[in-house]
1. Out of everything in segment 134-160 that is outside any helix (DSSP H, G or I) and at pLDDT 85 or above, what residue ends up being surrounded by the fewest Cβ atoms within 10 Å (Cβ to Cβ)?
2. So which pairs qualify, if the first residue must be in segment 5-25 and closer than 17 Å to residue 70 by Cβ and assigned by TED's automatic domain parsing to the domain that holds residue 59, the second must be outside any loop (DSSP other than H, G, I, E, B) and modelled with pLDDT under 85, the Cβ gap must be under 8 Å, and the two must be at least 6 apart or on different chains?
3. Mind checking which helices (runs of 4 or more DSSP H) fall wholly inside segment 5-85 and carry at least 2 residues that are more than 39 Å from the chain's Cα centre (by Cα) and surrounded by 18 or more Cβ atoms within 10 Å (Cβ to Cβ)?
4. Do we find that residue 163 is over 30 Å from residue 472 (Cα atoms) and surrounded by 22 or more Cβ atoms within 10 Å (Cβ to Cβ) in this structure?
5. Identify the single condition in (1) surrounded by 21 or more Cβ atoms within 10 Å (Cβ to Cβ); (2) within 18 Å of residue 259 (Cβ to Cβ); (3) touching a strand residue (DSSP E or B) at 6+ places or on another chain (Cβ under 6 Å) that residue 196 does not satisfy, given that it satisfies every other one.
6. Would you confirm whether any residue within segment 167-178 is within 20 Å of residue 314 (Cα to Cα) and surrounded by 13 or more Cβ atoms within 10 Å (Cβ to Cβ)?
7. Under the condition of being under 25 Å from the mean Cα position of the chain (by Cα) and outside any helix (DSSP H, G or I), which residue from segment 220-241 is surrounded by the fewest Cβ atoms within 10 Å (Cβ to Cβ)?
8. If I ask for residues that are buried (at least 21 other Cβ atoms within 10 Å of the Cβ) and not in a loop (DSSP other than H, G, I, E, B), which ones from segment 460-482 would you list?
């Protein structure tokens, strides 16, 4: 029996090629049972005419389906659904999953605090003026070489390592690159046993918090600060002290007498972008050695310094061995990569590796090897240079627009990073401002969620330029200024 043409249609999917969409339609038809073993497919010419596409496109899709044993080719007779094609299990659904009935609230031992999300639409990329932080600009990324590195990782030489169970081990090629290039660039001397690859910086911060904090211990975080710190510490149930930052970041003189761990972003404070000066860094390290507390240094965006060389890391100045250094490739490559690392004394790395092993063994080796190839072949450094030049241009355009349209900095413009920390007039709530601006195609990030609940002003906001082209910045800033005047 031949399968009728009317059963074939292609769903709209801008991210998939025509070949992939044809293959997906056939596979779904077979797995759902609509197309049965032995049934004849429409000829490539007939299906191409029906769908209004090229015949060669259908032929290539059919050939791929034959290779995967969904179809078989029988000479002049055409293509048929394979007798041994994969199929979905055939059983009756006894009960549909339901959120009602069993009292899960009673039995759950611990529920993590709900994360405060920044007010922004899910489809922010469709807006013409997205001043969104932490997202990558696809036009700046080297897709071609990333793809070639992926193909290399899947080649015969590396594929055996990718398919084995590596237990808790990391890709030695990636670890070596981090050791010899990333850490040395930040003045850190580390051995392989001092490095652990993580699923982004957030995973590294969670591991350290789980190992170092208990209900009886005290952790210090910055206010305002990286929201992830607050969410992570909520899991440990430790005592949290929030210390207000100034134009130079975290002030050591404001630390409490009793504390166990300090979480800080000294190179580019999150979200104000302030840089901690050398004297303050040395004082923080002196206090850590004197009082015996640990410093968790989140060194994101160190590559993006424009006006001067990056400041030395706390880890590079650490003589007592009390600093845990956390790095990430999310800002320099792309956030969806979810790849980071931590550098610490081997005693902590050993325990962090064991803890990581209990929940996910290790980050996927294919991703690690792909990144290792990209880094080791020089593409990473080229990527950083490309981003630095583009961001520098955007920063200059934004600074000029901010001055022209009279917006106000909440903190002095720093020497690097990819954003500005701004303030609206006292009577303007930036969450209302953000919602009003959406109708005009502008997306910005209100600042309230960066503060401790109830302990921060409502008129702060962050303007980032990693996701917006230089040509759009001036008009976007003008729209923000117009809306602020309406709300003031």
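1. Start the filter on segment 134-160 by keeping residues that are outside any helix (DSSP H, G or I), which leaves 134-137, 141-142, 154-155.
If we keep only those that are at pLDDT 85 or above too, we end up with 141-142, 154-155.
Numbers: 141: 15, 142: 16, 154: 13, 155: 10.
Ranking the candidates gives 155 first.
2. That search, which allows pairs on different chains as well, returns nothing.
3. On the way: elements: 18-31, 44-51, 55-67.
In segment 5-85, 44-51 are the helices (runs of 4 or more DSSP H) which contain 2 or more residues that are more than 39 Å from the chain's Cα centre (by Cα) and surrounded by 18 or more Cβ atoms within 10 Å (Cβ to Cβ).
4. Numbers: over 30 Å from residue 472 (Cα atoms): yes; surrounded by 22 or more Cβ atoms within 10 Å (Cβ to Cβ): no.
It is false that residue 163 is over 30 Å from residue 472 (Cα atoms) and surrounded by 22 or more Cβ atoms within 10 Å (Cβ to Cβ).
5. With respect to (1) surrounded by 21 or more Cβ atoms within 10 Å (Cβ to Cβ); (2) within 18 Å of residue 259 (Cβ to Cβ); (3) touching a strand residue (DSSP E or B) at 6+ places or on another chain (Cβ under 6 Å), residue 196 is out only on (2).
6. Quick first cut of segment 167-178, residues within 20 Å of residue 314 (Cα to Cα) only: 178.
Now drop any that are not surrounded by 13 or more Cβ atoms within 10 Å (Cβ to Cβ), which leaves 178.
Scanning segment 167-178, I find at least one residue that is within 20 Å of residue 314 (Cα to Cα) and surrounded by 13 or more Cβ atoms within 10 Å (Cβ to Cβ), so the answer is yes.
7. Just the residues of segment 220-241 that are under 25 Å from the mean Cα position of the chain (by Cα), to begin with: 220-236.
If we keep only those that are outside any helix (DSSP H, G or I) too, we end up with 220-226.
Numbers: 220: 25, 221: 25, 222: 26, 223: 17, 224: 26, 225: 25, 226: 22.
Restricting to residues being under 25 Å from the mean Cα position of the chain (by Cα) and outside any helix (DSSP H, G or I), the top hit is 223.
8. Correct list: 460, 461, 462, 463, 464, 473, 476, 477, 480.
The values are calculated or read from the model by the stated rules, or taken from the named source; none is laboratory data. Values in this document were obtained by computation on a predicted structure and should not be read as measured data. In this analysis, Cβ positions are derived from the backbone assuming ideal geometry, glycine residues included, and neighbour counts consider all displayed protein chains.
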